[in-house]
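Each reported figure results from applying straightforward, stated rules to the coordinates on display, with no laboratory input. Being a predicted model, the structure only gives us computed values, none of them experimental. Ideal geometry is used to build each Cβ from the backbone, glycine not excepted, and the neighbour counts take in all protein chains shown.
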Amino acid sequence: MPGVWECAVVGVEDAAFGERPVAFVVPRRGVPIEPLRDALTQAIERNLGRIKRPDALHLIDELPRTPTGKLQRRRLRPPGVA
């Protein structure tokens, strides 16, 4: 999607479904945040079924990575969630 540099989705515990998705998005430099958030929300609602939609959408500066560049998904999850 234009305006998105990279993204990651992680599962967080949910009593009803086991896990629910939470999305983390890194915008491209210079892209206004609120219009991007609105465009992402509309694209998610238009293209994903209700059960597949992320519970939350977080816009962040960068994704956590190891020194070799591998994504650290555990660091994206809330504290206390393995």
* For Val4, enumerate residues with amide H under 5 Å from its amide H, sequence gap 5+ or separate chain, H modeled in the peptide plane. => Arg28
* Reported to two decimal places, what Rg/Rh ratio describes region 4-62 when computed on Cα atoms with Rh from the Kirkwood expression? -> 1.00
* Among rounded, prolate and oblate, which fits region 31-82 when a ≥ b ≥ c are the square roots of the eigenvalues of its C-alpha gyration tensor, a/c under 1.5 means rounded, and a/b larger than b/c means prolate? -> oblate
* Structure fact -> Proxy exposure order for Val26, Val10 (fewest C-beta within 10 Å first) is Val26, Val10
* Structure fact -> Taking the chain and counting helices only, DSSP H stretches of n ≥ 4 at -39,500 (n - 2.57) each over all residues, the nearest-500 ellipticity at 222 nm comes to -6000 deg cm²/dmol
* Radius 14 Å from Cβ of Leu59, net charge of other residues (Lys, Arg +1; Asp, Glu -1) -> -2
